[in-house]
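Below is one structure, written out as structure tokens; the observations come after it.
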Amino acid sequence: MDARETAPSPERNKQPILEVLARVLPSRGLVLEIGSGTGQHVAHFAKALPALTFQPSEMDVERHASIEAWASAGKLSNVRPPLAIDVMEQPWPISAAEAIVCINVIHISPWEATLALMAGAARILPAGGVLVTYGPYMRGGAHTSQSNEAFDASLRARNPLWGVRDIGKVAEVAGHEGLALEEVVPMPANNFTLVWRKSKGAFRGAQDVVDGAP
């Protein structure tokens, strides 16, 4: 019996996200994925980037069989067995990684999870290490589309602690942990990929990145 689960969202966004990852991830090393879900993303990324080793993680342990099945189906020797990581339970059961990828987590978790994500990333990334997050975001306190505004309302109706976050507020939190927002990449379906780099201080022009200035 095939344990692979398939969700429509990863099928739509895995290739656009990969195109960003191929540019910003290191050429070698360990990449931790926070919130691997079904395992579709990590399998797609690992197949395309064989020089990297991927460590999937998912706090819902019932999803682990699907993650392992996707890696097995792809004969991917560069995907480790999944870990059960809850970002708010620190320290995480992994002490170091060259990069971190976190897809569609920030808006479907409490704000405290974003704080914990940035703190944990700062703890395990080396100097110059990269964190990549993906999902819907507000800019300057405003939604970037009517569909995102409706999506935000639906999220908050499901759980008042969830919601679409503002890039500026996330950048402020990340900055306190030594993570500078390096790039904001517009993606299909009114989403963004954000590239964060562990740095001793915000680089010149960082606020322009947050605000979307040319």
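The values are calculated or read from the model by the stated rules, or taken from the named source; none is laboratory data. Small disclaimer: the values here were computed from a predicted structure and weren't measured. Quick reminder, even Gly has a Cβ in these numbers, built from the backbone with ideal geometry, and neighbours come from all protein chains shown. These area figures cover heavy atoms from the full protein model, side chains too; ligands, DNA and RNA do not enter into them. Shrake-Rupley method; radii C 1.70, N 1.55, O 1.52, S 1.80 Å.
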Condition set charged (D, E, K, R) and more than 18 Å from the chain's Cα centre (by Cα), scope the range 53-79, selection most open to solvent (accessible area, probe 1.4 Å): answer is 75
Of the residues in the range 80-104, those that are open to solvent by 30 Å² or more (accessible area, probe 1.4 Å), touching a strand residue (DSSP E or B) at 6+ places or on another chain (Cβ under 6 Å) and touching a residue at least 60 places away in the same chain (Cβ under 8 Å) number 2
The number of residues in the range 174-206 that are surrounded by fewer than 17 Cβ atoms within 10 Å (Cβ to Cβ), over 21 Å from residue 19 (Cα atoms) and either modelled with pLDDT of 95 or more or β-branched (Val, Ile, Thr) (or both) is 1
Within the range 11-45, restricting to residues that are without any contact (Cβ under 8 Å) to a residue 60 or more places away in the chain and closer than 18 Å to residue 190 by Cβ, the one that is least open to solvent (accessible area, probe 1.4 Å) is 14
Review point. Would you call residue 39 of a type in the set (Gly, Ala, Ser) and within 21 Å of residue 104 (Cα to Cα)?
Key: yes
Heads up, the helices (runs of 4 or more DSSP H) in the range 1-88 (entirely inside) with at least 2 residues that are touching a helix residue (DSSP H, G or I) at 6+ places or on another chain (Cβ under 7 Å) and under 24 Å from residue 194 (Cβ atoms) are 8-24, 40-48
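Here's the yes/no breakdown for (1) of a type in the set (A, V, I, L, M); (2) out of contact with any strand residue (DSSP E or B) (no Cβ under 7 Å at 6 or more places or on another chain):
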| residue | (1), (2) |
| --- | --- |
| 9 | no, yes |
| 18 | yes, yes |
| 57 | no, no |
| 74 | no, yes |
Reported set for the range 46-79 where residues are touching a residue at least 40 places away in the same chain (Cβ under 8 Å) and among the aromatic types (Phe, Trp, Tyr) is 70
The number of residues in the range 154-168 that are among the hydrophobic types (A, V, I, L, M, F, W, C), farther than 10 Å from residue 108 by Cα and surrounded by 13 or more Cβ atoms within 10 Å (Cβ to Cβ) is 1
